[in-house]
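Structure first, then comments.
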Amino acid sequence: MKQNSTEAVAVLGGGAAGFFGAVACAEANPRLTVYLIEKTSKLLSKVRVSGGGRCNVTHNCFSPAQLVQHYPRGGKQLKDPFNKFGAQDTVRWFEARGVKLKTEADGRMFPVTDSSETIAQCLLDAAHRAGVQILLSTAAERITPLPDGGFDLTLSGAQNRKLRVQRLLVATGGVPKSEGYNWLRELGHGIQEPVPSLFTFNVPQSPLKELMGVSVPHARVVLAGEKLDYEGPLLVTHWGVSGPAVLKLSAWGARRLHELQYTGTALVSWVPTQTEETMRQWLNTFRAENGKKVVQSNPLFGLPQRLWRTLTEQAGIGPEVRWNELQAKLQNRLIEVLLRQPLGVRGKTTFKEEFVTCGGIPLSEVDLKTMESRRVPGLYFAGEVLDIDGITGGFNFQAAWTTGYLAGRAMAS
């Protein structure tokens, strides 16, 4: 094991960005000793749980100009990095190592095995072949920049020793509390205060409580009084509402929702393709042609039967009322419920184990061509420790692969 400071680099963090950085560095310069240091006993934890255990590797969005539009934070700055290593490069990288990806209808890309273990094992094998030295249950308790360049790392845990490296990549992920970044502040970096992103809405007084598991493929969610709205699939849960429409809205509105202490009114349009005017015309035509049909028993607009029944009940329409008996004021109430159903949001719930942080190292303090710190020579960053976060759909992993790859290649030279 080489110990010379001119021949050793270290990567902190055994997640997606850390592995990609370590492998890119070791493959680009086999003469380097590359250490990957993980403070826990587990590697690639987020990779293993993502996508319900299938690992949403990236998104079928091969144009950097389009790809950047899926990042609430960091999008504009990522255009050049994505030109150097984008989603198509990710697909090629994995396929070159024997892992084929498939594209689902919504653009998400998964391994054809539908198993996250395929991705984790590919990364582990790539690291092993490249000669990456993996240190588990090891924390870098102290990082000391050296006057002539490089760093002394004081390691604790399984590796209770000192390690001198020429360059250091921080890929430790996002942390929910500001104090979790103090060690990076001590190195001279500023921090964009962390707040959660990608979460679902708690609606304790939800009128939809009995509909747990009901979903619609296309709804619009608007935060009343704010310039925040998103369209997409919506899922009713036992605690409120979830699904891509809510998750993506939470990502774009992460900081504003934090300021609002996760309280407000979400207005749900169950039929976002309709306006009040077009819906009234459509219902009047339907009513003229189907007057004898019972309103509650015949769902419209492709809505699930259980949801339709609940919405008509909320509009005050009884179970036996036919369309030709429906009072104008009740039809107006139905239109209102279909287009602007209010849900009182009182808190949030993290989506499964896929916690994402908005915040971290400001991109103004990083050279995005190399991912090297503008404040500390030889210090690099990749992944969620940066103030970059994407919406759900494989975009956060793509940012990890891209920044990890660029950092690793830069450290190798």
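The values are calculated or read from the model by the stated rules, or taken from the named source; none is laboratory data. A quick note: this is a predicted structure, and the numbers were derived from the prediction, not measured. Every residue, glycine among them, receives a Cβ derived from its backbone with ideal geometry; neighbour counts consider all protein chains shown.
May I ask you to list the residues in segment 300-334 that are in a helix (DSSP H, G or I) and more than 26 Å from T237 (Cβ to Cβ)? Explain how you work it out, then say what you get.
First pass over segment 300-334, keeping only residues in a helix (DSSP H, G or I): 305-314, 323-325, 328-334.
W323, N324, E325, A328, K329, L330, Q331, N332 - these are the residues of segment 300-334 that are in a helix (DSSP H, G or I) and more than 26 Å from T237 (Cβ to Cβ).
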Give just the number: which of (1) outside any helix (DSSP H, G or I); (2) in contact (Cβ under 8 Å) with a residue 12 or more places away in the chain does K102 not satisfy?
(2)
List pairs: first in segment 147-173 and on the phi > 0 side of the Ramachandran plot, second among the hydroxyl-bearing types (S, T, Y) and part of a strand (DSSP E or B), Cβ under 7 Å, 6+ apart or cross-chain?
G157/T138
Quick one: which residue in R309, R346, R322, R340 is more than 32 Å from the chain's Cα centre (by Cα) and within 22 Å of L211 (Cβ to Cβ)?
R309
Starting from residues that are touching a Pro at 6+ places or on another chain (Cβ under 9 Å) and within 23 Å of I143 (Cβ to Cβ), keep the ones in segment 375-404 and report whichever is surrounded by the fewest Cβ atoms within 10 Å (Cβ to Cβ).
P377
Hits in segment 40-75 (condition: surrounded by 22 or more Cβ atoms within 10 Å (Cβ to Cβ) and polar (S, T, N, Q)):
S50, N56, T58
Test result for V216, modelled with pLDDT of 95 or more and either more than 24 Å from the chain's Cα centre (by Cα) or among the charged types (D, E, K, R) (or both):
no
